[in-house]
Amino acid sequence: MSNSVPSEVYQSDALINKAYYDEAFIEAGGIEYEVPKEANSVKEEQYKVEAHCLIDQLQQEQEREGYKLRYIISLKNKRYFTILLAALASIGGMLLGLDMSTISGANLYMPQDIHLTSKQDSLVVSGAPLGAVFGAFIMPFTNELVGRKWAIIVACLFYTAGAILEAAAGDYGVMISGRLLVGAGVGLADGSVPCYVAECCPKSWRGRLNSLYQFNIALGEVFGYVVNAIFVDVSGNWRFMLGSSLLWSTILLLGMLGLPESPRWLMEKGKKVQSFVVWKHLRGFETDDSKLEFLFLERVISEERERSRHSKLIWLDFVRRPRCFKALVVGIAIEIFVQFSGTNGLVYYMSTLMEETGFTPEHAVYMSLVGGGALLLGTIYALFIVDRMGRRMVAIPNMIIIFLGVIWVGFSFLTPKANVKTMQGAYISGIIFYELGMGPFSVLSWVTPAEVFPTYLRSYGMMACDGAVFLFAWIITYNFTRMRNAMTSTGLFTGFYGGVALVGVIFCIIYFPETKGKTLEEIDELFQKGWSEIGRQNIKGIVKSCKDWMSSRKGSQRD
């Protein structure tokens, strides 16, 4: 239904923002109105003038204050500098990947050396995810108090201290302390890095740059398995395995000291001049899109600051505001599907499971590289499609692959024990298939929470999602052996993990929204819609894609 819109409707900044970016359509009261082109053109010019005035005003204030960026790293090419910023910050993912794979190899030798009981061993392996829950809990307070950049630096300090304790541990107490500190660093970094990258990068490649975090997790896993293989025959091998991550935490610490703070965080704290200077260095003001995005950023954050000023408990907006509640549900749902479809159980116990299928401990360490390599390949694939084809094209096909892969792994354990080679082949091929799907899908566990929350709640939203992912990881890791003993390996993988993956397929098809190509402020508008409307649009999109595919197939057959 199309109608002409009264002139006063154009006074709404939110509607104009949507009208400008969504190709001349706005939505009010559930009815779509067509925006007259001449009115839209006038309003667009008005916003360009306002953006120019804001930029001139802040430029004058900068010159008056004499404010300059105080950091070491600098590149004239803004695109390269943004890529460098995302690449350096995303080394935080390397720390998580290294911990997951090195503890897998170390666990073959470490329990005997420091005389751990079975229960103590389970706590040591799951200690990092448990510590990460604490890291996630302090993440919003650290982010809001000192900023995204310094929160990542604090995470490096936690991780470094923990890795030193792990490598030097002589008993259970020192080892569990080190594991908890490492986990606290991982939990703090895993919420802060995606948030930092999302707030610094342009919308056209924000998803790809945020995907670097998952890429570094996968790369860290592969490096960890390589480190395990290098030190497997060395005396005190597990100490070198666990201590190797100190190299990467040091690189991340030094790199972050040379990077600027997030311009959106600076704007949120009322530091407009600093935000302007960082934006000028990261994005520049050469294009109208960049100028308009900075204008809308300033307006939206100003409104959010005003709202939060009148609310003492702003985190209650997750319950009070349906828009925020929907974002929370989507963010945590992705974490549920990643963790409860078995990823951490497989990774943390990769070498142990390999050994149970007939490999020697040494060969189990080497063969673990196969799973890590498949995860890395899947993640690389996601880097190329997450911004080009969209988040839903990453979510739906790969959730289906995860479902089929976990069923495959589960049924591999039904192979007769006498056929060791057959069991090993079935298990390894299932792991490869599963990890090829998990690599791309895991990208969304960092991209999605970093995008879907409004700026004033982004730290709290990341805390909730970050805390959830590590709490779920701890539950899965700590109870992995118990669940496998109670359900059998086949029952755990096909029944429990497979069941969760199937629910994930259904959720992604119906309720997972598309955020590709939208600014963080436009995504705020997307979540104003109701669940039924989001589901209806998603189904329409799938039907349209199927029709387009069928039409192209028929056309190619006629040709």
Residues THR477, THR515, THR448: which one is outside any helix (DSSP H, G or I), open to solvent by less than 10 Å² (accessible area, probe 1.4 Å) and of a type in the set (Ser, Thr, Tyr)? THR515
Please verify whether MET483 is over 29 Å from ARG320 (Cα atoms), among the aliphatic types (A, V, I, L, M), at pLDDT 85 or above and assigned to a helix (DSSP H, G or I), treating the condition exactly as stated. yes
Among the residues of the stretch 371-414, write down those that are over 21 Å from ARG484 (Cβ atoms), among the aliphatic types (A, V, I, L, M) and open to solvent by 10 Å² or more (accessible area, probe 1.4 Å). LEU376, LEU377, ILE380, LEU383, ILE385, MET389, MET393, ILE396, ILE400, ILE401
Give the residues of the stretch 256-277 that are under 16 Å from SER302 (Cα atoms) and open to solvent by 10 Å² or more (accessible area, probe 1.4 Å), sorted by residue number. TRP265, LEU266, GLU268, LYS269, GLY270, LYS271, LYS272, GLN274
Output yes when any residue across the stretch 22-42 is modelled with pLDDT of 50 or more, open to solvent by less than 70 Å² (accessible area, probe 1.4 Å) and not in a loop (DSSP other than H, G, I, E, B), and no when none is. yes
Within the stretch 314-346, residues open to solvent by less than 10 Å² (accessible area, probe 1.4 Å) and assigned to a loop (DSSP other than H, G, I, E, B) come out as SER341, GLY342
The condition from (1) more than 21 Å from the chain's Cα centre (by Cα); (2) buried (at least 20 other Cβ atoms within 10 Å of the Cβ); (3) closer than 21 Å to VAL330 by Cα that LEU502 misses is numbered (2)
Can you tell me how many residues within the stretch 484-499 are open to solvent by less than 20 Å² (accessible area, probe 1.4 Å) and within 20 Å of PHE441 (Cα to Cα)? 3
Does VAL232 satisfy the condition of being open to solvent by less than 20 Å² (accessible area, probe 1.4 Å), modelled with pLDDT under 85, more than 22 Å from the chain's Cα centre (by Cα) and of a type outside the set (Asp, Glu)? yes
Touching a residue at least 12 places away in the same chain (Cβ under 8 Å), assigned to a helix (DSSP H, G or I) and more than 25 Å from ARG391 (Cα to Cα), is that true of PRO140? yes
Please work out which one of (1) among the β-branched types (Val, Ile, Thr); (2) farther than 27 Å from PHE215 by Cβ; (3) outside any helix (DSSP H, G or I) is the condition ILE73 fails and give its number. (2)
Need a quick list: helices (runs of 4 or more DSSP H) entirely within the stretch 166-270 having at least 1 residues that are farther than 25 Å from LEU282 by Cα and among the basic types (Lys, Arg). 172-200, 237-243
Could we say that GLU61 is at pLDDT 70 or above and open to solvent by less than 50 Å² (accessible area, probe 1.4 Å) here? yes
Of the residues that make up the stretch 105-114, is at least one closer than 17 Å to TRP238 by Cα, touching a residue at least 40 places away in the same chain (Cβ under 8 Å), in a loop (DSSP other than H, G, I, E, B) and not hydrophobic (A, V, I, L, M, F, W, C)? yes
Just to verify a result, which residue in the stretch 211-229, among those that are within 30 Å of ALA450 (Cβ to Cβ), modelled with pLDDT of 85 or more and over 22 Å from the mean Cα position of the chain (by Cα), is surrounded by the most Cβ atoms within 10 Å (Cβ to Cβ)? VAL227
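The values are calculated or read from the model by the stated rules, or taken from the named source; none is laboratory data. None of these values were measured; they are calculated from a predicted model. Quick reminder, even Gly has a Cβ in these numbers, built from the backbone with ideal geometry, and neighbours come from all protein chains shown. Areas reflect the complete protein model, heavy atoms only, side chains present, ligands, DNA and RNA absent. Shrake-Rupley method; radii C 1.70, N 1.55, O 1.52, S 1.80 Å.
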